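Peer 1: Handing you a structure now.
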Amino acid sequence: MSDTYFEILRPGINSSIQDKGRNHLYHIGITISGAMDQRIFTLSNALVNNDLNEGVIEFAHQGPLLKLKNGSVNFAITGNVDFNILRKNSIVEKGKCFQSYLLEKDEQLDIIYTKDSVFGYLAIEGGFKIEKVWNSFSVNTKAKIGPNNGEKFSIGEKIYLKRTRVKNFEKKNIEYNNSVATTIRTIKGTNFDYFSKEAKNNFFNEEYRVTNLSDRMGMRLEGPKLENIVNTNIKSEGLVKGVVQVPADGNPIIMFSDHGSIGGYPKIAVIITADHDKAAQLIPGSKIKFKEVNLDEAESLFKAYSKETKNHLEKIK
Amino acid sequence: MIKNISNLGDAAVYCDFGKEVSEKINLKVISYFNHLKKLVKENKIEGITNLTPSYNKLIISFDLSITNFKKIKKILETLKVANNIQQDSKKIKIPMCCDEEFALDLISLSKKIKISPNEIIDLYLGKEYFCYMTGFIAGMPFLGNIDEKIRFDRLKTPRIKVPKGSIGITEQFCNIYTFESPGGWNIIGNTPKKVFNKFNLKDPSLIKPGYKVSFYKISKEEYLNWNE
């Protein structure tokens, strides 16, 4: 029996293996990485009966075109993704997200693009045949950390699957409504008082636009300049996902999964954990407003977020 | 003692050990870091996902589905931590080549601070440095304090790519770029030594917080023939 693998006919813009992320290494400068949208990453694994932290392929904007060599595979795509399954005899089947499919030998999976969103996920039953690095499958392409020597996928590469064929295929799906965020909830940052009264007011009342300078490390925003009245630098200190930093130019930057472990810009706010996923999915040009919540509210909102994820998991049929 | 404990968002604790940057304060940060790291390893505290020590702060990240700010804060308030750094301190010697092709900013820095390039290097090599923290990029050590005469601001426009191995100075600090990376420090040399080895999964960082680091000069020939 030959090995089953995907041949990459088109890698897509930023396709890499991700899982929940990599912990306990910030102190040596290795960041958390991991899926940008944790909820739909989790759901992708659930749809194909995987451990919820199995490594999946994350893609951004344009996804990969993959050809299955040998065997068969049970896969699911999550997100707001336009994709086709190229069956035998040139039959093109339009794909639906949040649903599992059987793909046979020599069929192709064409992940065209993510609609009104940035990230989508491709999970396969049993997972990909790759080794964890520092206890995680996640790849950080900027720091070249993780499996695949820390590189994103490239054309012609082969991605081997742990299971060579599907024994009993059972179709599963989730009713899922993709939504686009217009409000992002935050808690005041540790340097909130570095900013002028007007800046504080603008931050919570005016619209900020997502720019093209956005990736897995961070998202640069543009809007009314945030005037710093104390110091535009702080002594370098730790960062966490969701921190909103403001460098000297007065434009906020949101830190995401591949952010540097430490930084020296003042922190005006931190996005609450419950809103990380929807912030990560904002496309360049989106306009958002920041809303202030307190710690208790943030914790309740996280409980609601977790409950919603759990509900989706329970409703998989 | 931690002077001030606050929340950084909903999933991290921000421990402030004092305003200034000094070895004394940093040793306290590192002591708390080592102590907590051990507790996490021994499963004595639930839910902590990362500990990030820096000059005068310690950030404790946690999994909000397992614990929360109040619980971690309570643990911190009752924690008794002795200065425990000595047992973990080592002395590391780093070779550096200061030829013009490596010391990208040596001449311009020399003009700005009106000290000859040779004298800058001599003053730099004449001190032993303390490692306050590692990070930003994997394994990058933040060292200090350099001689007051050679202190200067960051470059006005940071470089998009600083070559791997570059040794940079700014304000009272110096560092080593463990990977090619963007950066704005004044580059005065380059080391062929592997300061971070991602294939050594158990112990990738040569220099750790609390270590003492000194530099010695090598020729370009020694640089090119460097073999570990």
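The values are calculated or read from the model by the stated rules, or taken from the named source; none is laboratory data. Note that the structure is predicted; figures quoted are calculated from it, not measured. FYI the Cβ positions are ideal-geometry reconstructions off the backbone, even for glycines, and counts take in every protein chain you see.
Peer 1: Restricting attention to the range B:191-209, which residues are touching a Leu at 6+ places or on another chain (Cβ under 9 Å) and assigned to a strand (DSSP E or B)?
Peer 2: B:196 - this is the single residue of the range B:191-209 that is touching a Leu at 6+ places or on another chain (Cβ under 9 Å) and assigned to a strand (DSSP E or B).
Peer 1: While we're here: Have a look at A:82, A:51 and point out the one that is of a type in the set (Asp, Glu), surrounded by fewer than 24 Cβ atoms within 10 Å (Cβ to Cβ) and under 30 Å from residue B:47 (Cβ atoms).
Peer 2: A:51
Peer 1: Of everything in the range B:214-228, what is out of contact with any Asp or Glu (no Cβ under 7 Å at 6 or more places or on another chain) and either at pLDDT 95 or above or at positive phi (or both)? Give them in sequence order.
Peer 2: Across the range B:214-228, the qualifying residues are B:215, B:216, B:217, B:218, B:219, B:221, B:222, B:223, B:224, B:225, B:226.
Peer 1: Hey, another quick one. Looking at the structure I just gave you, is residue A:171 away from chain B (no Cβ under 14 Å), loosely packed, with under 13 Cβ neighbours inside 10 Å and basic (Lys, Arg)?
Peer 2: yes
Peer 1: Same structure again: Looking at residue A:247 and the list (1) surrounded by fewer than 21 Cβ atoms within 10 Å (Cβ to Cβ); (2) more than 23 Å from residue B:7 (Cα to Cα); (3) not polar (S, T, N, Q), which single condition is not satisfied?
Peer 2: Of (1) surrounded by fewer than 21 Cβ atoms within 10 Å (Cβ to Cβ); (2) more than 23 Å from residue B:7 (Cα to Cα); (3) not polar (S, T, N, Q), only one is false for residue A:247: (2).
Peer 1: Follow-up. Filter the range A:17-31 down to the residues that are out of contact with any helix residue (DSSP H, G or I) (no Cβ under 8 Å at 6 or more places or on another chain) and at the interface with chain B (Cβ under 7 Å from one of its Cβ atoms), then identify the one that is surrounded by the most Cβ atoms within 10 Å (Cβ to Cβ).
Peer 2: If we take residues in the range A:17-31 being out of contact with any helix residue (DSSP H, G or I) (no Cβ under 8 Å at 6 or more places or on another chain) and at the interface with chain B (Cβ under 7 Å from one of its Cβ atoms), then A:30 is surrounded by the most Cβ atoms within 10 Å (Cβ to Cβ).
Peer 1: Any residue in the range A:198-205 that is more than 30 Å from residue A:6 (Cβ to Cβ), basic (Lys, Arg), assigned to a strand (DSSP E or B) and away from every other protein chain (no Cβ under 14 Å)?
Peer 2: no
Peer 1: Scanning the range B:20-54 for residues that are within 22 Å of residue B:129 (Cβ to Cβ) and part of a loop (DSSP other than H, G, I, E, B), which turns out farthest from the other protein chains (Cβ to nearest Cβ)?
Peer 2: That would be B:22.
Residues checked against (1) β-branched (Val, Ile, Thr); (2) in a strand (DSSP E or B); (3) in contact (Cβ under 8 Å) with a residue 24 or more places away in the chain; (4) crowded, with 17+ Cβ neighbours inside 10 Å:
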residue: A:100; (1), (2), (3), (4): no, yes, yes, yes
residue: A:103; (1), (2), (3), (4): no, yes, yes, yes
residue: A:106; (1), (2), (3), (4): no, no, yes, no
residue: A:111; (1), (2), (3), (4): yes, yes, yes, yes
residue: A:120; (1), (2), (3), (4): no, yes, yes, yes
residue: A:131; (1), (2), (3), (4): no, no, no, no
residue: A:142; (1), (2), (3), (4): no, no, yes, yes
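Condition check ((1) in contact with a Cys (Cβ under 6 Å, 6 or more places away or on another chain); (2) under 22 Å from residue B:56 (Cβ atoms); (3) surrounded by 20 or more Cβ atoms within 10 Å (Cβ to Cβ); (4) of a type outside the set (Val, Ile, Thr)) across all residues:
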site: A:198; (1), (2), (3), (4): no, no, no, yes
site: A:212; (1), (2), (3), (4): no, no, no, yes
site: A:219; (1), (2), (3), (4): no, no, yes, yes
site: A:238; (1), (2), (3), (4): no, yes, yes, yes
site: A:256; (1), (2), (3), (4): no, no, yes, yes
site: A:259; (1), (2), (3), (4): no, yes, yes, yes
site: A:266; (1), (2), (3), (4): no, yes, yes, yes
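Peer 1: Looking at the range B:184-201, which of its residues are under 14 Å from residue B:141 (Cα atoms) and out of contact with any Gly (no Cβ under 7 Å at 6 or more places or on another chain)?
Peer 2: B:193, B:194, B:197, listed by residue number.
Peer 1: Of everything in the range B:1-60, what is within 15 Å of residue A:234 (Cα to Cα), surrounded by fewer than 20 Cβ atoms within 10 Å (Cβ to Cβ) and at pLDDT 95 or above? Give them in sequence order.
Peer 2: B:16
Peer 1: Moving on to the next point. Would you point out the residue of the range B:133-171, among those that are away from chain A (no Cβ under 11 Å) and polar (S, T, N, Q), that is nearest to residue B:197 (Cα to Cα)?
Peer 2: My answer is B:166.
Peer 1: One residue is enough: does the range A:214-231 have a residue meeting the conditions closer than 30 Å to residue A:98 by Cβ, within 14 Å of chain B (Cβ to nearest Cβ) and in a strand (DSSP E or B)?
Peer 2: yes
Peer 1: Here are A:229, A:155: which of them is surrounded by fewer than 16 Cβ atoms within 10 Å (Cβ to Cβ), out of contact with any Asp or Glu (no Cβ under 8 Å at 6 or more places or on another chain) and assigned by TED's automatic domain parsing to the domain that holds residue A:10?
Peer 2: Testing whether each residue is surrounded by fewer than 16 Cβ atoms within 10 Å (Cβ to Cβ), out of contact with any Asp or Glu (no Cβ under 8 Å at 6 or more places or on another chain) and assigned by TED's automatic domain parsing to the domain that holds residue A:10 leaves just A:155.
Peer 1: Which residue, of A:260, A:250, A:218, is in contact with a Lys or Arg (Cβ under 6 Å, 6 or more places away or on another chain), of a type in the set (Gly, Ala, Ser) and either under 18 Å from residue A:277 (Cα atoms) or in contact (Cβ under 8 Å) with a residue 24 or more places away in the chain (or both)?
Peer 2: A:250
Peer 1: Here's a follow-up. Going through the range A:268-304 one residue at a time, which ones are in a helix (DSSP H, G or I) and charged (D, E, K, R)?
Peer 2: A:275, A:277, A:278, A:296, A:297, A:299, A:303
Peer 1: Restricting to strands (runs of 3 or more DSSP E) lying wholly in the range A:21-83: which have 2 or more residues that are closer than 30 Å to residue B:204 by Cα?
Peer 2: Passing ranges, in order: A:56-60.
Peer 1: Identify the residue in the range B:133-165 that is over 10 Å from the mean Cα position of the chain (by Cα) and among the small types (Gly, Ala, Ser) and, among all such residues, is modelled with the lowest pLDDT.
Peer 2: Across the range B:133-165, the extreme among qualifying residues is B:138.
Peer 1: What pairs can you find where one residue is in the range B:92-108 and without any contact (Cβ under 8 Å) to a residue 60 or more places away in the chain, the other is not in a loop (DSSP other than H, G, I, E, B), and their Cβ atoms are less than 7 Å apart, with a gap of 6+ or different chains?
Peer 2: B:107/B:117
Peer 1: Could I ask something else about it? Is it the case, given these coordinates, that residue A:307 is assigned to a helix (DSSP H, G or I) and among the basic types (Lys, Arg)?
Peer 2: Yes.
Peer 1: What about residue A:210, is it touching a Pro at 6+ places or on another chain (Cβ under 6 Å), part of a strand (DSSP E or B), at pLDDT 95 or above and β-branched (Val, Ile, Thr)?
Peer 2: yes
Peer 1: Please count how many residues of the range A:277-293 are more than 13 Å from residue A:184 (Cα to Cα) and either surrounded by 13 or more Cβ atoms within 10 Å (Cβ to Cβ) or among the hydrophobic types (A, V, I, L, M, F, W, C) (or both).
Peer 2: So the count comes out to 2.
Peer 1: Here is a further query. Do the conditions hold for residue A:190, that is, is it of a type in the set (S, T, N, Q), in contact with a strand residue (DSSP E or B) (Cβ under 7 Å, 6 or more places away or on another chain) and within 14 Å of chain B (Cβ to nearest Cβ)?
Peer 2: yes
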